[in-house]
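A.B. asks: Take a look at this one; I'll ask things after.
Coordinate-derived values only; no laboratory data. Everything numeric in this text was worked out from a predicted model, so none of it was measured.
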Amino acid sequence: MDSDAPARNRPNHSTSEAGSRPVDLLVEAFREGKAGAFDAIVRAHQDRVFAFCARMLSDREDALDVAQEVFLSAYRNLEGFRGESSLSTWLLRIAANRCLNRIRQRTARAAREVTPGETEGKDDVPFQPPGKEEDRPDRMAETRETGRILEAAIARLDEDSRMLVLLSDVEGFSYDELAGAVGIPLGTVKSKLHRARMALRKMLAPVV
């Protein structure tokens, strides 16, 4: 922006260092030390972060733990948030990495200690996101079976494919955002996501 532009023509909100995206007002309030700013950030984003974690982990308790880790990490690192992506995208990047770490920890633990029957039935009930949807039994009845099938199919994907599908097709990440989130080249993201979608389509073909 031209520094000599009249003040009346300048936007009233702050901009990021890159100058291309408005700084989240709650982030700005947090940086200014305003009381309740971070609590407001948590309230604004907790359902979306929790829902993503639950789909990644297929376990409500693990999802609650990881979601808390996400916001703890965000609190510690929010000063470094530059606004190059939206705050929700930044939080979901943290969530994706935390979920992958939790999955790998579970895999390593299971390899060390395998108790037959210990996890039977654990994932029989698909995750239902919190919010108004669960107050509408008619809507839930219509979508429960489809949701059960889709959740089960996504859970069968390997963790990297599951993450790409969830971030892209559920959370709406662009290819560029996916590349930034997982740290791999754009072309690799496209090919991996294509293979993941094909695998999911193959699993769903007999029942959908």
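A.B. asks: How big, in percent, is the set of alpha carbon pairs in segment 14-113 lying more than 20 Å apart?
C.D. replies: 42 percent
A.B. asks: Now for a different question. Which ³J(HN,Hα) values in Hz, rounded to whole numbers, follow from the phi angles of segment 32-44 under the Karplus curve 6.51 cos²θ - 1.76 cosθ + 1.60, where θ = phi - 60° and Gly and Pro get x?
C.D. replies: Using θ = phi - 60°, the values come out as 7, x, 6, 4, x, 5, 6, 4, 5, 4, 4, 4, 6 Hz.
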